[in-house]
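Working notes, structure below.
What follows is calculated from the coordinates using simple rules that are stated; it is not laboratory data. The structure presented is a predicted model; accordingly, all values stated were derived computationally and were not measured. A quick note on method: Cβ atoms are made from the backbone with ideal geometry, for glycine too, and the neighbour counts reach across all protein chains shown.
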Amino acid sequence: MEPRAVRMFRRCIIFSVLCLISVNGDYFSAISELEKLLDVETLIIEKFDAYLKRAQEEQANIQRFLNQIDELQNDRGDLEEYFANPLNSFITIRRLVHDWKFNVFDPVFETSNYDTYKSSLSDSLEKIKQYKGPSQEDLQGATRALLRLQKAYELPTDQLAKGILPGEKYQLNTSLSASDCFELGKNLCQIKEYSYGSEWLLEATKRLHGEPLDFISPNVTDIEILEQLSPAFNGLGNLKLAHKLNNEILDWEPDHEEALENQILYESQLAKERILGPKKPVDVNQLTEREQRESFQLYKRVCQGELRQSPRELRNLKCWLSHQESPYHIISPFKMEQLNLDPYVAYVHEILTESEMQMFKDHAKGRMERSKIGQGVNSTTTEIRTSQNTWLWHAENPWLSNIIRRLEDFTGLSSESAEPLQLINYGIGGQYEPHYDFTHDDGYSVYGWRGNRILTAIFYLNDVALGSGTAFPFLKLVVPPVKGSLLIWYNLHRSTYKDYRTRHAGCPVLKGSKWICIEQFHVGGQEFRRPCGLNSDVGKFDDLIDI
């Protein structure tokens, strides 16, 4: 028998191959990046078809797994629509992180004749320029994304596991396996989301014995689920149930080292409770400081459609055709829809052509990076904003000139001080939590002569099936993305003082892929285009800052 040290050495080589496809690519943060994963799977399938001839003892199981993936590849249809389903996105990432290793790499690389295959596969993967495969971090990101969807839209765990969403119009038509549910539960418990984590682990238990015998997935067992579930209930403050589940582990494996340690711990804690009384129950719905803010709660209610503008607030809004005092647009007027009068928020329908929207998306290929918040060296990635973006500089992209002129004609503002356009794609459960577009000073310390951001313009490059609206919590307004349309609003009062009512957010993408392009206009250069008001607005609506 091969010595253990040699086997460990072989495993290190195996993982060196996997590392070629395991560099963190932030796949959970943009739908556009996920399509590459299926291409890599296709390459691996081709390579393994040749190697299977040299691994007859493993051929049956491996071939069955490859057939399942091959069938999935053939049935996937339109990739953007396929990955618009958040469950498909999670399953694809998890499959690349875990299933290939369990079903293929581990059994095959334990055989002696694998050097030729490893070299061939490594050479092939190196030819995929700029490819970054999914990592454990991507899988954890996808887990947090599904958690965001559950929290934002109050989705029951058992229904989401079945691919069932509220309402009858849109369903995910994908269900999760026991191993999928287990992975979600385990990852959630690692970040101390014990309430949702325990629900997913219980769902894994329900599904464990209900899957067909020929269903190939990582070997999740009752004991592995109990190993996660017992500490989860302890984290929730249910010590008696945690102790009971820990004893079930010992019933299966009396020598289970971790369970024996936990048994001592739990019995000690139970003894203290008998003397001092039970501890105060843990609030499973405890919110973070950020989630407790009133504006965040309003944001959730607006995204869910629970909070809307009243008929009284809507009665003075109108739709009409307008040339915005531009001679050119007398014969091609803008299709305008008012959404709010003060602060002013408006929609312009059908402002982009199909070819222009496609040019935006084509520009994104190979250029997208994880979106950050903050300015300059202080900018950072965060769960507050989950997307990927790139920048389109006006001077470097002459095809943008007509679009920029259209923006100037509609807004009446000058693009002299405008920022480069920001092209953004949202991933699984992609969102941007409530924030302001203006800086809290006058803007000159950050943007120099350009000053603060006076107006935000968002182009919507595609329709989205569910979720992903642009929410204004204080206005009780959520704007659904409509392909080819433009949303604009003023961030500042007429005096150029900050308007705190414009706090806004991008609701999580529940189903679909969200593509937008943002232009930010600044105060500089607008002196004759939009003169300042004569009345100071300092202090106006400042009471909203801390809400």
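Put the Cα centre of region 304-358 next to the Cα centre of region 413-452 and the gap is 21 Å.
Whole-Hz Karplus values for region 458-469 come out as 10, 8, 9, 9, 7, 7, 10, 5, 9, x, 6, x Hz, taken residue by residue from phi with 6.51 cos²θ - 1.76 cosθ + 1.60 and θ = phi - 60°; glycine and proline positions read x. With the simple spin-label model, which puts each label point 7 Å out from Cα in the Cβ direction, the residue 45 to residue 273 separation comes to 5.1 nm. When the inverse distances between all different Cα atoms of region 442-547 are averaged and flipped, the Kirkwood radius reads 15.3 angstrom. Were the residues from residue 263 through residue 75 laid out at 0.36 nm apart, the gain over their Cα-Cα distance would be 62.8 nm. Compute the FRET efficiency between residue 344 and residue 367 as 1/(1 + (r/R0)^6), taking r as their Cβ-Cβ distance and R0 = 30 Å, and round to the nearest 0.05. In this case the efficiency is close to 0.35.
Given R0 = 30 Å, the distance between the Cβ atoms of residue 529 and residue 381 translates into a calculated FRET efficiency of 0.25. A Cβ-based charge dipole, computed about the Cα centre of region 312-544 with Lys and Arg at +1 and Asp and Glu at -1, lands at about 460 debye. The ranking of 476, 186 by Cβ neighbour count inside 10 Å, starting from the fewest, reads 476, 186. A simple rule links phi to the HN-Hα coupling: the Karplus curve 6.51 cos²θ - 1.76 cosθ + 1.60 with θ = phi - 60°, which for region 252-268 gives 6, 9, x, 9, 5, 4, 5, 5, 5, 5, 5, 4, 4, 5, 5, 5, 5 Hz, with x for Gly and Pro. Converting phi to 3J(HN,Hα) with the Karplus coefficients 6.51, -1.76 and 1.60 and the offset θ = phi - 60°, region 91-107 yields 4, 5, 5, 5, 5, 6, 7, 10, 4, 4, 5, 5, 8, 10, 4, 4, x Hz in sequence order, with x at every glycine or proline. A simple count of charges around residue 460, restricted to other residues whose Cβ falls under 10 Å of its Cβ and scoring Lys, Arg +1 and Asp, Glu -1, yields +1.
Highest average first, the peptides 479-488, 193-202, 157-166, 461-470 ordered by how many other beta carbon atoms sit within 10 Å of their residues are 193-202, 461-470, 479-488, 157-166.
Using R₀ = 25 Å, calculate the FRET efficiency as 1/(1 + (r/R₀)^6) where r is the Cβ-Cβ separation of residue 401 and residue 494; round to 0.05. Working from the Cβ atoms, E equals 0.25.
Packing, as the average of other Cβ atoms within 10 Å across residues, places the peptides 451-460, 431-440 in the order 451-460, 431-440, highest first. When the charge dipole of region 414-505 is built from unit charges on Cβ atoms (+1 for Lys and Arg, -1 for Asp and Glu) and taken about the Cα centre, the candidate among 428, 466, 444 whose Cα reaches farthest toward its positive end is 466.
Neighbours of residue 182 by Cβ distance under 11 Å: Lys/Arg scored +1, Asp/Glu scored -1, total -3.
Considering only 375, 333, 393, the residue lying farthest towards the positive end of the dipole of region 281-439 is 333, judged by Cα position with unit charges set on Cβ.
For region 282-374, state which GluC sites (Glu not before Pro) are in a DSSP loop and have at most 16 other beta carbons lying within 10 Å of their beta carbon. Of the GluC sites (Glu not before Pro), the ones in loops of region 282-374 whose Cβ has at most 16 other Cβ atoms within 10 Å are 306, 325, 350. Counted residue by residue at 0.36 nm each, then reduced by the alpha carbon distance between them, the extension gain from residue 314 to residue 59 reaches 85.2 nm.
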